[in-house]
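Student: Dropping a structure here in structure tokens format, bear with me for questions.
The values are calculated or read from the model by the stated rules, or taken from the named source; none is laboratory data. Not measured: the values here are computed from a predicted model. No Cβ is skipped: glycine too gets one built from the backbone with ideal geometry, and neighbour counts run over all protein chains shown.
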Amino acid sequence: MSDSAFMPGFQSLDTELSDHDLPVEGEIPAWLSGTLLRNGPGKFDGNGTRLRHWFDGLAMIRKYEFDEGGVTYSNRFLRTGAYDDAMAGRPTGQFATDKSGIGKVLGWLKRLGPPEPTDNANVHVARLDGEYVAQTEVPRWVGFDDDLDTSGPFAFDDSLDMDMITAHLVADPTGGHVGHGLSFGRTHEYVFFEIPPDSRRREEITSIPTDSPAYIHSIGVTEDRLVLVETPLRIDILRALSPFTEGFFELLDWKEDLDTRFVVIDRASGETVVDRTVDPFFTFHVINAYDDGDEIVLDLAAFEDATIVDALSLETLAEEGFDAAPPGRLVRFRIGSDGNISRRRLYDGGIELPTVRADRQTREYRYAYGQATDREGANGLVKVDTERETAAEFWQRDLYIEEPWMVPRPDGEAADDGVVLAPALDVDAEQSVLLVLDAGTLDELARAPVPHHNPFGFHGRFFPQ
Ligand SMILES: [Fe+2]
């Protein structure tokens, strides 16, 4: 695809709707009860200024609420400082567009006073201590309520100080969350922490010093251990001092001579139990990880290098579409307690925005769902059977599918008994729909058209009733 047929996915949306009844074509199972909340950009420009990177779009939450076969839809921008600036015609980015995202680094280096990364929390959502939280990769998370009204900055009840923090908290099926962050200082440190159930207190597991911190978007978490995947994509902190540096994006450096390193940490003791390198690759997303006897199984979407980061700038997307974006590959690593590491590709196609059902995260699992990314005329939705190493796909011309989420049927026994929910954008009709697919067969059960186009979002979660 040479022109940008999918560009509605990167066009601003101004409309906000509340509890709008969606028409349903087909049949949504009556057992499906709960809320799919998703985060992602809603606006890319203001006052003639266009943001430079997809990752910089203004945070908008979408809510799909299911009850007795019906679905209602709401969408709202988070009301933040970034929102006020955008509405005043001063859109500010964090990843690529301006210096505000590196303000904290600059502040630390120059000791100029309080840090000011933007509060544009557009990456993910979680539920912590009974509150919905919109998350970004700096510690300026934002709370919101059932009606998508912004309640204000989300504050942790602890004294852990980090300059960057993962938006990809791993929700442990036991109710807690596991995360990581980066602390810049005389020595930089990766920080690993757990948030107990019904708490907003981060308890530090351990910290690991580093001279050259990597950009780490997610980590592997099993029931007993953590895996840090440190790729050669490093953050050049001193470059933040340059007057020509325009955003966090420009601090990132792919170090050709480095390998990718796995550090395995025991969750209970905080001790490092394996520290080994493998041939270099880049990843945003660990899919899942679990303990298998002495071994750890770690599945992720791997790229040969970090060209994907440039490929997702709005300028490159406008010129080349997704053609410049290399495919991520579903790779399974087995990490032995003796440090022996094997690598195997489980699916030949491209995959991104992968998810597994919530009750299998950190545990042995069978099916991963994700975007099938290397397709012409649209992406698809893929289900990979990691046991048999087979895949099934859903594909429709002009339909670009966002991150899928599998919801198991109550009392269902098979690992794929349930539905897969996925918002999608018909780039020809310039209209978004919510797809409800059979999680076993990927047959379409229903689709619910949304009365506008939705820019492509990032991540979400389903919260059962
Ligand atoms: Fe992500």
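Student: Where residues in region 269-288 are closer than 18 Å to Asp338 by Cα and surrounded by 15 or more Cβ atoms within 10 Å (Cβ to Cβ), which of them is nearest to the ligand (Cβ to nearest atom)?
Tutor: The extreme case among them is Val278.
Student: Could you grab me the full set of residues in region 448-464 that are over 23 Å from the mean Cα position of the chain (by Cα) and surrounded by fewer than 22 Cβ atoms within 10 Å (Cβ to Cβ)? Walk me through how you get there before you give the answer.
Tutor: Start the filter on region 448-464 by keeping residues that are over 23 Å from the mean Cα position of the chain (by Cα), which leaves 448-449, 451-452.
Residues satisfying the conditions are Pro449, Pro451, His452.
Student: What about Arg397, is it in a strand (DSSP E or B), farther than 23 Å from Gly175 by Cβ, of a type outside the set (A, V, I, L, M) and over 19 Å from the mean Cα position of the chain (by Cα)?
Tutor: No, not satisfied.
Student: Please indicate, with yes or no, whether at least one residue in region 203-216 is more than 24 Å from Ile335 (Cβ to Cβ) and either at pLDDT 95 or above or surrounded by 15 or more Cβ atoms within 10 Å (Cβ to Cβ) (or both).
Tutor: yes
Student: I've got another one for you. Does region 346-368 include one or more residues that are without any contact (Cβ under 8 Å) to a residue 40 or more places away in the chain, in a strand (DSSP E or B) and surrounded by 22 or more Cβ atoms within 10 Å (Cβ to Cβ)?
Tutor: The answer is no; no qualifying residue exists.
This table checks each residue for (1) of a type in the set (Phe, Trp, Tyr); (2) at pLDDT 95 or above; (3) farther than 22 Å from Asp438 by Cα.
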position: Ile335; (1), (2), (3): no, yes, yes
position: Tyr367; (1), (2), (3): yes, yes, no
position: Asp374; (1), (2), (3): no, no, yes
position: Gly377; (1), (2), (3): no, no, yes
position: Val382; (1), (2), (3): no, yes, no
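Student: If you scan region 37-70, which residues turn out to be surrounded by fewer than 22 Cβ atoms within 10 Å (Cβ to Cβ), in a strand (DSSP E or B) and not charged (D, E, K, R)?
Tutor: Listed by number, the residues that qualify are Gly46, Thr49, Gly70.
Student: Oh, and also: Taking interchain pairs and intrachain pairs at least six residues apart, which have beta carbon atoms under 6 angstrom, with the first residue in region 277-288 and of a type outside the set (A, V, I, L, M, F, W, C) and the second more than 16 Å from the ligand (Cβ to nearest atom)?
Tutor: Pairs found: Thr277/Asp259; Thr277/Arg261; Pro280/Pro232; Pro280/Asp259; Pro280/Thr260; Asn288/Tyr365.
Student: At least 1 residues that are of a type outside the set (Gly, Ala, Ser), over 15 Å from the mean Cα position of the chain (by Cα) and within 26 Å of Thr355 (Cα to Cα) in each: list the strands (runs of 3 or more DSSP E) lying fully within region 111-183 that qualify.
Tutor: Passing ranges, in order: 124-128, 131-135, 142-144, 177-183.
Student: A further question on this structure: Failed condition for Ala325, given (1) within 26 Å of Arg276 (Cβ to Cβ); (2) touching a residue at least 40 places away in the same chain (Cβ under 8 Å); (3) within 16 Å of the ligand (Cβ to nearest atom), with all others met?
Tutor: (1)
Student: Of all residues in region 378-394, how many are of a type in the set (Asp, Glu) and part of a strand (DSSP E or B)?
Tutor: 2
Student: Could you go through region 172-194 and let me know if any residue there is in contact (Cβ under 8 Å) with a residue 24 or more places away in the chain, in contact with a helix residue (DSSP H, G or I) (Cβ under 7 Å, 6 or more places away or on another chain) and more than 13 Å from Val133 (Cα to Cα).
Tutor: yes
Student: How many residues does region 444-465 hold that are within 16 Å of the ligand (Cβ to nearest atom) and within 13 Å of Lys63 (Cβ to Cβ)?
Tutor: 3
Student: Determine which single condition Thr316 fails, assuming it passes every other condition in (1) among the polar types (S, T, N, Q); (2) over 30 Å from Asp294 (Cβ atoms); (3) in a strand (DSSP E or B).
Tutor: The one condition Thr316 does not meet is (3).
Student: Going by what's in this entry, would Ser12 be described as assigned to a loop (DSSP other than H, G, I, E, B) and among the small types (Gly, Ala, Ser)?
Tutor: Yes, satisfied.
Student: Between Pro423, Pro408, Pro404, which is surrounded by fewer than 22 Cβ atoms within 10 Å (Cβ to Cβ) and either at pLDDT 95 or above or away from the ligand (no atom under 16 Å from the Cβ) (or both)?
Tutor: Within the list Pro423, Pro408, Pro404, the selection yields Pro408.
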